[in-house]
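For reference, the structure is listed below as structure tokens.
The values are calculated or read from the model by the stated rules, or taken from the named source; none is laboratory data. Since the structure is predicted, the reported quantities are computational estimates derived from the model, not experimental observations. Glycine also receives a Cβ, built like all others from the backbone with ideal geometry; neighbour counts cover every protein chain displayed.
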Ligand code: ATP
Ligand code: LTN
């Protein structure tokens, strides 16, 4: 069975972008692949996190995985820091990574832009992500469009290791949705919707109450025109709302254009909000049940137990190939 791995940072409440770009594919792939889904807490601390918030968000992201339909009896769900082999392989791969490769990463450039001081962890972050993937020799990595560049580096590092130390790592492929790979901010269609954007109106959070969702969508930026048409170059805001509409309602973009022909934005936005509310309602109900049942700790513990042996074996093999003296 082919292996699938992905991770989401507990750096804030998850957004509709995380759900559409990544989690929906996790749920689909668990039926046909051996799956590893992680809450990547070691990645989240590459920018400052309040300790209490980090703990709460880690539990919350894991609960959202389950609420969205990931079945812990089919997929291993765990916290990255519960499997220390990730950090160890991360270091080994950091030593194979060039500064120039890291300097080119657009996520690093975006997150460090305008900051007086930038943590070194943010810079070497992609080598740790490569370790997450390679430690299980994953074949496929379901992510949104913004992670493509990190995946390219992971592939390069796998090939570099293989050519220096002999064939060992599987070179993984990205698995990016055709529609919804990049949901944009509601207030600025040139930026991706992101959970750590401080402007609350920019993102729909998966746990937003219905009235908050309605308000955010009614205030979403549009253009001064009045046509509901999908045209990314000329109507990026409306096109983004149409993508969300399509993904939440199951209607095609053409069907949406036809339905709203000759109508104004107000009615379209009202209907869109109801589709988003309906899509998120079952997930929110399930989330509340899981949080109050207190089962998340057990699920994470079991997940880490399932995967630790594979990860530890990879680190042993890699160290042996690199020339470390192995304990006897
Ligand atoms: P942060 O703002 O803290 O960097 P984020 O919202 O960008 O977080 P990540 O944890 O970095 O989220 O991403 C988790 C997954 O969700 C990744 O696979 C990423 O590609 C995907 N993703 C994030 N934002 C979007 C988006 N706007 N559209 C589609 N996919 C997205
Ligand atoms: N870098 C990713 C999160 C991430 C990840 C991974 C995704 C960390 N490790 C391994 C896929 C596979 C992000 O910022 N979204």
Which pairs have Cβ atoms under 6 Å, sit 6 or more apart or on different chains, and link a residue in segment 155-169 that is farther than 14 Å from residue 127 by Cα to one that is crowded, with 20+ Cβ neighbours inside 10 Å?
-> 162/169; 169/134; 169/158; 169/161
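Please go through segment 289-323 and pick out each residue that is surrounded by 12 or more Cβ atoms within 10 Å (Cβ to Cβ) and farther than 21 Å from residue 73 by Cβ.
Listed by number, the residues that qualify are 312, 313, 314, 315, 316, 317, 318, 319, 320, 321, 322.
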Taking residue 47 as the residue in question, decide whether it is in contact (Cβ under 8 Å) with a residue 40 or more places away in the chain and under 15 Å from the mean Cα position of the chain (by Cα).
-> no
Among helices (runs of 4 or more DSSP H) entirely inside segment 192-286, those with 2 or more residues being closer than 30 Å to residue 107 by Cβ and touching a helix residue (DSSP H, G or I) at 6+ places or on another chain (Cβ under 7 Å) are 210-219, 236-249
Which of (1) closer than 24 Å to residue 19 by Cα; (2) more than 15 Å from ligand 2 (Cβ to nearest atom) does residue 159 not meet, given it meets every other one?
-> (1)
If you go through segment 126-144 one residue at a time, how many are over 12 Å from residue 89 (Cβ atoms) and within 11 Å of ligand 2 (Cβ to nearest atom)?
-> 7
Determine if segment 56-78 includes at least one residue that is in a helix (DSSP H, G or I), surrounded by fewer than 17 Cβ atoms within 10 Å (Cβ to Cβ), touching a residue at least 60 places away in the same chain (Cβ under 8 Å) and out of contact with any helix residue (DSSP H, G or I) (no Cβ under 6 Å at 6 or more places or on another chain).
-> no
Restricted to segment 191-230 and to residues being under 26 Å from the mean Cα position of the chain (by Cα), free of Cβ contacts under 8 Å to residues at least 12 places away in the same chain and more than 20 Å from residue 276 (Cα to Cα), the residue surrounded by the fewest Cβ atoms within 10 Å (Cβ to Cβ) is 198
Report yes if residue 23 is part of a helix (DSSP H, G or I) and away from ligand 2 (no atom under 12 Å from the Cβ), otherwise no.
-> no
Any idea which residue in segment 147-181 is nearest to ligand 1 (Cβ to nearest atom), counting only those that are surrounded by fewer than 18 Cβ atoms within 10 Å (Cβ to Cβ) and at pLDDT below 95?
-> 179
